[in-house]
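Everything below concerns the one structure shown next.
Any read-out appearing in this document is the output of simple, stated calculations on the displayed coordinates, not a laboratory observation. Remember, it's a predicted structure, so these values are computed and weren't measured experimentally. Don't worry about glycine lacking a Cβ; one is built from the backbone with ideal geometry, like all the others, and counts go over all protein chains shown.
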Amino acid sequence: NMTRLYTSLARRSGADMTISVGRVQTPTLKLVVDRDREIANFKPTDHYVPTGFFVHANGKFKANWIIPEGHDGVDSEGRLVDRNVAQSILARIAGKQGAIADFETKNNSKGPPLPYKLSTLQETCSAKFGLTAQQTLDVAQALYEKHKATSYPRTDSQHLPVSILKEQAPSIMAALTSTPGVDRAAQNADLKIRSKAWDDSKVSDHHGIIPTTEFDAGKLAGMSPIERNVFMLIAKNFVAQFHPDQTWKSMVATVRCEGLNFRAAGKIPGNQGWRVVFDGEIDEDEDEDKGDSQTVPAMKKGDPVTAEKGELASKRTTPPAAFTDGTLI
């Protein structure tokens, strides 16, 4: 109806054209146009991060200045844009005594990624292989129909029915133990582990995409290179459900020095858990304390520290990225 209306209005105005309006098409077009305008009108902003290097009895660590709201030299986004203010902060603490105002440690764990649904598979294949959404669907359809290697791809669920645990998982895993690229992880899998993927209440008409009981390693030879790559994504996500959680300990310290607060964060890796299945292929961008790879020494509230030196990091904002097939999904 909207297509007919807008086309009629356009033709009354002398435009000999059809104006197509769709409940998915039109808002999607707006997303792209808005993003393109945002990129075109973007103006980069230089800002600064003052970092103090502090000495504690148990070791050294670095901490970034916690910028107070409304401080001189700070813009509306809370960024420190005045280099002179940034340098004055470092000069103010150089060689001065401070103390640990707060110190917290936390044990963290993270379960494996859920099995793929069609849209998440399209996102991943766009990012990893540069496939369009349609190309990913075509490959997934071939794995399902032609090779009988994976389950129905047009699914909007990432969960699995519990019945698969007993009825299909053992034979699927047995086939994967002799499949190059995932064999070692499958051999070390523990079928007694029950991840969050197993949830009957979250399975719709179809469950998450997984290998089928009809798959065997010999089928890889009949697959194209891209079909093998997509199959391995699906297989690894399934195998990961039978590996333990990843664990790590995070540490956050607040330093008080010359009336200024600085934040130090770090983490100590624990058990890699399910990440061994992917062998470094998945970024840890969702973990807490992203980028804080330093080890913060053991300390407690009230401990004295000395500001040994300071460092000024210069940064520049970047425009948002243009959409790809995967990020648009």
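What does the C-alpha gyration tensor say about the overall shape of the chain? Classify as rounded when a/c is under 1.5, otherwise prolate if a/b is larger than b/c, or oblate. It is oblate, given that a/c is not under 1.5 and a/b is not larger than b/c. Compared with the dominant principal axis of the Cα atoms in the chain, helix 118-129 is inclined by about 70°.
Summary value for region 1-122: 15 percent relative contact order, contacts being C-alpha pairs under 8 angstrom separated by 6+ residues.
Looking at region 142-273 alone, DSSP beta bridges between its own residues are antiparallel in about 90 percent of cases. Below 23 Å, Cα to Cα, which lysines can Lys43 reach? Residues fewer than 8 away in the same chain don't count. Reachable lysines: Lys30, Lys315. Under a model in which nothing but the beta-carbon of Lys, Arg (+1) and Asp, Glu (-1) is charged, the chain shows a dipole of about 220 debye around its Cα centre.
Of the trypsin sites (Lys or Arg not before Pro) found in region 1-95, the ones in coil according to DSSP and having at most 10 other Cβ atoms within 10 Å of their Cβ are Arg23.
For region 1-71, the relative contact order works out to 17 percent when only alpha carbon pairs closer than 8 Å and six or more residues apart are counted.
Please identify the chymotrypsin sites (Phe, Trp or Tyr not before Pro) of region 1-104 that satisfy two criteria: DSSP loop assignment and at most 13 other Cβ atoms within 10 Å. Which are they?
Phe42
Basic side chains Lys and Arg get +1 at the Cβ, acidic Asp and Glu get -1 at the Cβ, and with that the dipole of region 2-46 about its Cα centre reaches some 300 debye.
The simple Förster model, with R0 at 22 Å and r as the Cβ-Cβ distance, assigns Lys146 and Asp216 a FRET efficiency of 0.90.
Note: relative contact order over region 89-154, using C-alpha pairs below 8 Å and six or more positions apart, is 21 percent. Counting only DSSP H runs of at least 4 residues, each contributing -39500 (n - 2.57), and dividing by the residue count of the chain, the helix-based mean residue ellipticity at 222 nm comes to -9000 deg cm²/dmol.
Among the GluC sites (Glu not before Pro) in region 1-91, those placed in a DSSP loop whose Cβ has at most 11 other Cβ atoms within 10 Å are Glu69, Glu77. Projecting the Cα atoms of Gly111, Asn188, Asn41 onto the dipole axis of the chain, where Lys and Arg carry +1 and Asp and Glu carry -1 at the beta carbon, places Asn41 farthest toward the positive end.
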